[in-house]
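Structure record follows, encoded as structure tokens.
The values are calculated or read from the model by the stated rules, or taken from the named source; none is laboratory data. For clarity, every value in this text was computed on a predicted model and none was experimentally measured. Here Cβ is always computed from backbone atoms with ideal geometry, including for glycine, and neighbour counts include all displayed protein chains. Just so you know, the surface numbers come from the protein's heavy atoms only, side chains and all, with ligands and any DNA or RNA stripped out. Shrake-Rupley method; radii C 1.70, N 1.55, O 1.52, S 1.80 Å.
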Amino acid sequence: MNEKQRDIAQKALCEWLSEQDEMDGKPPKKIGFAFAIRDDRNGDRIFFVFKFKKSTLGKNLIGIAGGFEDEESTDCNAVFSGFDELPADKDEAIELAFKMADFIVHFNARENFQAVFERNLKYISQIEVDADKIARQFVKTETRFYLTVGTVDVPSGKVIVADPLCYMFGEHVIAPVLKREIPSGSYPAEVAICRNEYVGIRMCTARLKIKDSEAVRYEPAESEEETAAAKCKDGVMHGFPVDAGMMCFIDAGAAKNYADFLGKWHKENPGKNHYDDYFQAFFEESDKKLPAYQREGGDFIEWTNPDSGEQMVQISSGFGDGFYQSYWGFDESGEICELIVPMVDPDLFDY
């Protein structure tokens, strides 16, 4: 292994990651070399694979850098991470690394792949949502499918959409309560999923189904001013930040009970974190039950608060961290029939 190339690749990956919206302009909290591959399918190039963490609570994610033409080359012209978890199985990790190398070559040939992610950022921050586009995500094809991942109890009629791992507990709570209320009840949470050889399996749109009817139009789900993510001179900023690659649907009252549970858990488990030492086991169990619909380690869970009995759903947020919007869906009669969170536009990758 050429250590000089490895060091160049690691530096290039750190710089690239620091420029991504998912990292908020910060370098990885931790990064280390995993292994190297020689990709003879794409010009016999050398790539170095690294594992990194965005935060102390975060998973080990996989990144790749290199594209060196030979052992003497110092030209690192390929850097990428889809912010996927590094598979524990070495063979699976190597397979994913080769797919990432293919992805880089594919999008460098057609267009700068960074532009694709920038287009997806515009997609998740849009004001208007195309109902037909969302509907197509919930139709099964060779590359698209969907399933119900759990049930959400909403006894208060008030819904919160937020990052359940970073922003619903502790000193920096950002858990916007949506202005509109829905009838008290329990509702199925669904997720539209795409599978692509270059980006793997991705959670595209999370949906809370309130009625069986079909949505014909959407409008932004505004937050209550007191709980909004931020305030500005023109009013409040609607939407929610994600810093742990996860979003959830939860009742406003249940959110308080959730925070109470985590507070008690931390007192009973000093020095531990609630993802690695608690929730990770639930995601791994979900992966074992439905491995064809999620990445290794799990992408969604239905979780029941053992103290209050309330159910919530947690779902991986598409390409990871960022700022996401939610939208109310209305049927032909003008009634609310669903609440959605678009996270990935599968049309960007469905060639």
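Surface composition of the chain: carbon plus sulfur atoms contribute 47% of the solvent-accessible area (1.4 Å probe, protein chains only, all chains present). Each Cα pair under 8 Å and six or more residues apart adds its separation to the average, and for region 31-149 the resulting relative contact order is 15 percent.
Taking the Cα centre of region 175-295 as reference, the dipole from Cβ charges on Lys and Arg (+1) and Asp and Glu (-1) amounts to some 160 debye. In this simple spin-label approximation, K90 and S156 carry label points 7 Å from Cα along the Cα→Cβ vector, and these lie 5.0 nm apart.
Work out how much length T141 to K4 would gain on full extension: take 0.36 nm times their residue separation and subtract the Cα-Cα distance, in nm to one decimal. It would help to have the intermediate numbers written out before the result.
Working: separation 137, 0.36 × 137 = 49.32 nm, distance 4.54 nm.
Going from the current span to full extension adds 44.8 nm.
Compare W303, W16 by solvent-accessible area with a 1.4 Å probe and give them largest first, with all protein chains kept in place.
Numbers: W303 5, W16 35 Å².
Correct descending sequence by accessible area is W16, W303.
Its Cα gyration tensor gives region 307-351 an equivalent ellipsoid. The semi-axes, each the square root of 5 times an eigenvalue, are 24, 21, 9 Å from largest down.
Could you please tell me the mean projected area of the C-alpha convex hull for region 57-211, averaged over all directions and given in square nanometres to one decimal? Averaged projected area of region 57-211's Cα convex hull equals 13.3 nm². Binning the alpha carbon pair distances of region 219-305 at 5 angstrom intervals from zero yields the distribution 3, 11, 15, 19, 18, 15, 11, 6, 2, 0, expressed in whole percent.
Label-to-label distance, K26 versus Q280, with points set 7 angstrom from Cα along the beta-carbon direction: 1.9 nm. With respect to the cross-link table entries K11/K59; K53/K90; K256/K288, which display a Cα-Cα separation exceeding 25 Å? Table pairs above 25 Å Cα-Cα are K256/K288.
Pairs of Cα atoms under 8 Å, at least six residues apart: use those to get the relative contact order of the chain, whole percent. Display every interim value, and only then the final one.
On the way: 754 pairs, mean separation 61.8, N = 351.
Value for the chain: 18 percent.
Accessible surface of K288, taken over heavy atoms with a 1.4 Å probe and every protein chain present, rounds to 150 Å².
When the listed pairs K122/K231; K99/K209; K29/K99; K209/K267; K4/K54 are checked against a 28 Å cut-off, the alpha-carbon distance exceeds it for K99/K209; K209/K267. Length gained on full extension, F35 to L348, computed as 0.36 nm times the residue gap minus the Cα-Cα distance: 109.7 nm.
Extension gain for the segment C232 to S73, taken as residue separation times 0.36 nm less the Cα-Cα distance, is 52.2 nm to one decimal. Shown in residue order for region 62-67 are the 3J(HN,Hα) couplings computed by the Karplus curve 6.51 cos²θ - 1.76 cosθ + 1.60 at θ = phi - 60°: 10, x, 9, 8, x, x Hz (x for Gly and Pro).
Using the Kyte-Doolittle scale, which helices in the chain average at least 0.0 and also have C-alpha atoms spread 27 Å or more along the helix axis, with helices defined as whole DSSP H runs? The answer, listed by residue number, is 90-110. When only the Cβ of Lys, Arg, Asp and Glu is charged (+1, +1, -1, -1), the dipole of the chain relative to its Cα centre reaches about 420 debye. Rolling a 1.4 Å probe over the protein heavy atoms gives region 1-120 an accessible area of 49 Å² per residue.
When the chain is treated as a Gaussian network with alpha carbon springs shorter than 10 Å, the biggest mean-square fluctuation among T227, T56, T143 belongs to T56. Taking every protein chain into account, the 1.4 Å probe leaves R41 with about 140 Å² of accessible area, to the nearest ten.
Ratio of Rg to Rh for the chain: 0.98 [Cα atoms; Kirkwood radius as inverse mean 1/r over pairs].
Site pair S186 and S18 shows an inter-label distance of 5.0 nm when each label is modelled 7 Å from Cα along Cα→Cβ. Sorted from greatest to least, the principal axis extents spanned by the alpha carbons of region 126-191 come out as 44, 26, 24 Å.
Normalised by the residues of region 284-329, what does the relative contact order come to in percent, with Cα pairs under 8 Å and at least six apart?
On the way: 37 pairs, mean separation 11.2, N = 46.
24 percent.
Using only the Cα atoms of region 242-351, build the gyration tensor, take square roots of its eigenvalues as a ≥ b ≥ c, and label the shape rounded, prolate or oblate: rounded if a/c is under 1.5, else prolate if a/b is larger than b/c, else oblate.
It is oblate, given that a/c is not under 1.5 and a/b is not larger than b/c.
How big is the C-alpha Rg of region 1-97 next to the rule-of-thumb value 2.2 N^0.38 Å, as a ratio?
With N residues counted in region 1-97, Rg over 2.2 N^0.38 Å equals 1.03.
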